[in-house]
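The values are calculated or read from the model by the stated rules, or taken from the named source; none is laboratory data. Because the structure is a prediction, the values reported are computed rather than measured. Positions of Cβ are generated from backbone atoms using ideal geometry, with glycine treated the same way; all protein chains shown enter the neighbour counts.
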Amino acid sequence: MQNRIIIKKKINHYNKKIIIPGDKSLSIRWVLISSLANGISKAKNLLMSEDVLAAIQAIRKLGVKVKINNKICKVYGVGIDGYKYKRGLSINAQNSGTLGRLLVGLLINSPYPIKIIGDKSLSKRDFNRIAKPLRKFGAHLKLKNNYTLPLTIKGSQNLKPIRYLEDKGSAQVKSSIIFAGARTYGRTLIKSKKSRDHTERLFKYLKLPIKIKNKKSFDLIEINKVKKIKPLNYKIPTDLSSCAFFIVLTTLLKNSKLTIKDVNINPTRTAILTILRKMGVKISLFNKKIYKGEQLADIFIKSPKTLKSINCPTNLNSGAIDEFLIIFLVAAKAKGISYFKNLDELNKKESPRLKWGAKILKMMGVKLILTNSSIKIYGNPNLEINKKIVIKNYLKDHRVFMTSVIAALSFGGIWTIWDPHSTRTSFPNFLKILKDLGAKIS
């Protein structure tokens, strides 16, 4: 693949059905949980992205056999205490915060120091947020500047359960603690600000010792030592975060319709649908079903005639944290001023995404007001771009790349967008699906 793409014209309207690859969050969790199961777990529709392949490579380094044939992945689980810990072991989480943070929770009983490294982007992200609770269990963790990767963890054979307040709304921190609690005798208690709950749902489906009380603004989670995990055969549901790019593309076009099959509509992930509906987008869910703890549906989107601005409720932030870049494009075309606040967590992702969202909009000629944690976007329903725009030096953040592509196909102009290979971390066939919809990308 070339190290840049060029888009010179908008995409034409369409009426199509598409299939999007498996959910990245669930793919990584399936790999990690299956590695500790008793027996062989099989997955279909596993997302074959760099992040998920890094998870497979990580469990292989811990003595777990993995085979991939005919689009089916088999993990030969070694049991809850079956990891083979070697001296001098180093594991590369590459670009994946999910893998890096969750894996450290599972390594909490390692008898030898294990080093976790990552790529340039991941090595700038906050790992102290998991080091704090994991130290309370009794593990020893060292970080660069007590904050970032590389991280070294040496576990303990005398782990003690903890009580912890997770107040950031981070599903990765919460899941890391759950994984650590699953290795620890006694009752670990987490009071967690609302966030994605894929780990809890998988634990409940597998009948592992977890109890959850859902309160209005937080969850109370109790986890006890896991003794045995049964194999998990799983068809990974479609990733709503990946679907979001095509939902927004359809929203920004005229006279377009799109159907996406078997999408994970977990309530902790669907804030983007709530936000877009508030802005006047017509989104329908049908063929709803429950699959192994997760809610699935087919999604139908129809281009709206007008878009309304939004003063986005902050209680939707956590559930849409990965989609705000693409939501900002909808606000750019809406009638009126849209306001998004308390988004400082957005700048702690693969790149400072709030800043990058503002930068892309400014290049497009959109008026805005930016602070460290908020953005006001002055929408223009007649927004058209007739100039050259270059997107580069964005830390190869896959969502910055994909957002820029959707902007180019929706608003026009001549766009040169660098580092298309950034999509390999989460969505390798993103450009292929766009071309199938009629996009001209060179």
Practice prompt. Could you tell me whether residue 132 is assigned to a strand (DSSP E or B), surrounded by fewer than 18 Cβ atoms within 10 Å (Cβ to Cβ) and of a type in the set (Lys, Arg)?
Written response: no
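With 151, 159 as the choices, which residue is within 21 Å of residue 85 (Cα to Cα), out of contact with any Gly (no Cβ under 7 Å at 6 or more places or on another chain) and in the same structural domain as residue 92 (by TED's automatic domain parsing)?
Exactly one residue qualifies, and that residue is 151.
Are there strands (runs of 3 or more DSSP E) fully within segment 207-270 with at least 3 residues that are surrounded by fewer than 16 Cβ atoms within 10 Å (Cβ to Cβ)? List them.
Values: elements: 210-214, 218-223, 257-264.
The strands (runs of 3 or more DSSP E) meeting that bar are 210-214.
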Fill in: Options 305, 289; residue that is surrounded by fewer than 18 Cβ atoms within 10 Å (Cβ to Cβ) and assigned to a strand (DSSP E or B)
289
Discussion item. Please go through segment 368-386 and give me each residue that is surrounded by fewer than 16 Cβ atoms within 10 Å (Cβ to Cβ) and either among the hydrophobic types (A, V, I, L, M, F, W, C) or outside any loop (DSSP other than H, G, I, E, B) (or both), ordered by number.
Written reply: 369
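Criterion first (free of Cβ contacts under 8 Å to residues at least 40 places away in the same chain, in the same structural domain as residue 16 (by TED's automatic domain parsing), closer than 20 Å to residue 242 by Cα and not small (Gly, Ala, Ser)) does residue 340 satisfy it?
Numbers: free of Cβ contacts under 8 Å to residues at least 40 places away in the same chain: yes; in the same structural domain as residue 16 (by TED's automatic domain parsing): yes; closer than 20 Å to residue 242 by Cα: no; not small (Gly, Ala, Ser): yes.
When the stated conditions are applied, residue 340 does not pass them.
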Item to complete: Give segment 406-432 a look and list any residue that's out of contact with any helix residue (DSSP H, G or I) (no Cβ under 7 Å at 6 or more places or on another chain) and assigned to a helix (DSSP H, G or I), or say none.
Response: 408, 411, 421, 432
Item to complete: Can you confirm whether segment 422-436 contains a residue that is farther than 23 Å from residue 258 by Cβ and either touching an Asp or Glu at 6+ places or on another chain (Cβ under 6 Å) or surrounded by fewer than 23 Cβ atoms within 10 Å (Cβ to Cβ) (or both)?
Response: yes
Response to the item:
Per the list (1) more than 30 Å from residue 410 (Cβ to Cβ); (2) in contact with a Lys or Arg (Cβ under 8 Å, 6 or more places away or on another chain); (3) at pLDDT below 95, residue check on residue 69 breaks on (2)
Practice prompt. Return the pairs, sorted by first residue and then second, in which the second residue is of a type in the set (Lys, Arg) and at pLDDT below 95, the first residue lies in segment 277-298 and is closer than 28 Å to residue 42 by Cβ, the beta carbons are less than 6 Å apart, and the residues are 6+ apart or on different chains.
Written response: 298/261
Practice prompt. Please indicate, with yes or no, whether at least one residue in segment 182-202 is in a helix (DSSP H, G or I), in contact (Cβ under 8 Å) with a residue 60 or more places away in the chain, of a type in the set (D, E, K, R) and surrounded by fewer than 16 Cβ atoms within 10 Å (Cβ to Cβ).
Written response: no
